[in-house]
Amino acid sequence: MMQRRNILSLLIVFLTTSAVGQQSGVVRWFGDVRMRSEIDMRDFNLRTPANTYTLLRSRLGVEVLPQENLRVVLQVRDSRVFGQEKDGAVFSTLADSRNLDLHQAFVEVKGLFTNALTLKLGRMELSYGNERIIGPVGWHNVGRVFDGAVLKLVQPSYALDLFWSTLAEAQSYTPAATPAAVRYTRDVGADLFGAYSTLKLFSDFRTDAYLLYHWDRNQTVVGKPDLKRYTLGSYVKGAAGALDIEAEVAYQTGERRGVDLAAYMLTAGVGYSFENSTLSRLGIGYEVLSGTPQTSTTYGSFDSPFHTGHKFYGFMDYFIAIPAHTNDRGLVDLLARATFTLRENLVANIWMHQFSYHREQNGQKVLGQEFDLVALYRYNKSLAFECGVSAFLPAHLMRERFGGADVGLWGYLSTLVTF
């Protein structure tokens, strides 16, 4: 109840700030409402009925500019599933599931000591590169945010972000000091530190480099932190006429629950765009997320817990949480994509994935093939409709995991309004 009152108080601040600020032109409202209905038959058993549900995500934000170089952003978000409100144990249209929460709240100071520096403090979305490492997961009904700080240095040909985020805080805040309340307790929280740079010497080509340090001080193994992991990587993207390329390589080292860690990610893609054609682009790609051999004493599974995996590893989300969803065996994805511009405001994409484990499991690697078809229709600048259908043809490993041998099916219809 306390959290709900705090959010409602924030909404009142929104309204008050808007009433005062609209006259001076220093306030901008923004937001979106998305409703997505899904039909889920991903159990590889066509004899069972489909699961169906509708998700609703509503976000409302305000941007305030109290000074020329100072920006404040406050954004609230409500995420719910239609019909899940309950009054005790009974579903009721009068019940309240209290899904309202603070999505973003940060202060941004531009020109800090020098015109090239910007400091951002608070709760915020983070997005780097193509989001294979860090992304806000826009597909998700909640979305990912980080609590921390970002110091950005921007020059004409390059940019550098230094950031820190508290991922888990186990030490309790104590408003009043008493002997018991302020006694030290061991910190078993987690933090993320990072540096991300972008070099752009040519208008159609960029090169990124990054270093992340993920430190989880919890101790599943006594005396050993759960994670002390460094991720070093580079991302490149460019175009030469109708040809476009994209590649990323990353390496992870450190220690995981007392075991040495050595893992890697390799991705590469190339595409060709066609002018004045319904078939507007063709692309192919290859990705490897390393896995751990069954007899290895080193942990070799690449782990990217902050990625926007839905964009890359099939829309049916069988492999959204890697390495957990691949039994630490890693993932190999050979993919092809075709883009069709049917009208100026109607675009369709077809993806084809061939999935395999990187490391064998009981002498096998092949997982199966996924086919995704997504059509996006933009009714106007504020309103868009999206429809998708997917099918997965399971190989033996997926059949064994899910206990079904039929094709897996899934689809959705989404309506999005932005303002």
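The values are calculated or read from the model by the stated rules, or taken from the named source; none is laboratory data. Note that this is a predicted model, so its numbers are computed, not measured. Reconstructed Cβ throughout: ideal geometry from the backbone, glycine too, with neighbour counts over all protein chains shown.
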For region 372-382, state whether one or more residues are in contact (Cβ under 8 Å) with a residue 40 or more places away in the chain, over 30 Å from Gly31 (Cβ atoms) and not hydrophobic (A, V, I, L, M, F, W, C). no
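Go over the candidates Thr220, Thr231, Thr207 one by one and state the one that is of a type in the set (Val, Ile, Thr) and under 15 Å from Phe302 (Cα atoms).
Working: Thr220 fails: under 15 Å from Phe302 (Cα atoms); Thr207 fails: under 15 Å from Phe302 (Cα atoms).
Going through Thr220, Thr231, Thr207 in turn, the sole match is Thr231.
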The one condition Tyr53 fails out of (1) surrounded by 15 or more Cβ atoms within 10 Å (Cβ to Cβ); (2) at pLDDT 95 or above is (1)
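Okay, residues lined up against (1) at pLDDT below 95; (2) among the acidic types (Asp, Glu); (3) touching an Asp or Glu at 6+ places or on another chain (Cβ under 8 Å):
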{"position": "Asp226", "(1), (2), (3)": "no, yes, yes"}
{"position": "Leu232", "(1), (2), (3)": "no, no, no"}
{"position": "Ala247", "(1), (2), (3)": "no, no, no"}
{"position": "Glu255", "(1), (2), (3)": "no, yes, no"}
{"position": "Glu287", "(1), (2), (3)": "no, yes, yes"}
{"position": "Ser296", "(1), (2), (3)": "yes, no, no"}
Do we have any residue at all in region 107-119 that's surrounded by 15 or more Cβ atoms within 10 Å (Cβ to Cβ), within 29 Å of Leu55 (Cβ to Cβ) and not small (Gly, Ala, Ser)? no
Within region 70-93, identify whether any single residue is touching a residue at least 12 places away in the same chain (Cβ under 8 Å), assigned to a loop (DSSP other than H, G, I, E, B) and over 30 Å from Trp410 (Cβ atoms), and answer yes or no. no
Just give me the residues in region 94-104 being in contact with a strand residue (DSSP E or B) (Cβ under 8 Å, 6 or more places away or on another chain) and either of a type in the set (S, T, N, Q) or in contact (Cβ under 8 Å) with a residue 60 or more places away in the chain (or both), in sequence order. Ser97, Asn99, Leu100, Asp101, Leu102, Gln104
Checked region 261-293 for anything without any contact (Cβ under 8 Å) to a residue 40 or more places away in the chain, polar (S, T, N, Q) and surrounded by 15 or more Cβ atoms within 10 Å (Cβ to Cβ); matches are Ser273
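Might you check whether a residue that is closer than 20 Å to Val76 by Cα and not β-branched (Val, Ile, Thr) occurs anywhere in region 110-119?
We begin by selecting, within region 110-119, every residue closer than 20 Å to Val76 by Cα; these are none.
Checked against the condition, which is being closer than 20 Å to Val76 by Cα and not β-branched (Val, Ile, Thr), region 110-119 yields no hits at all.
Looking at Phe44, is it at pLDDT 95 or above and under 20 Å from Asn141 (Cα atoms)? Before the answer, list the steps.
Details: at pLDDT 95 or above: yes; under 20 Å from Asn141 (Cα atoms): no.
No: the conditions fail for Phe44.
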Confirm whether Phe340 is more than 17 Å from Lys311 (Cβ to Cβ) and in contact with a strand residue (DSSP E or B) (Cβ under 7 Å, 6 or more places away or on another chain). yes
Could you check region 26-69 and list, in sequence order, the residues that are more than 29 Å from Arg98 (Cβ to Cβ) and not in a loop (DSSP other than H, G, I, E, B)? Met41, Leu65, Pro66, Gln67
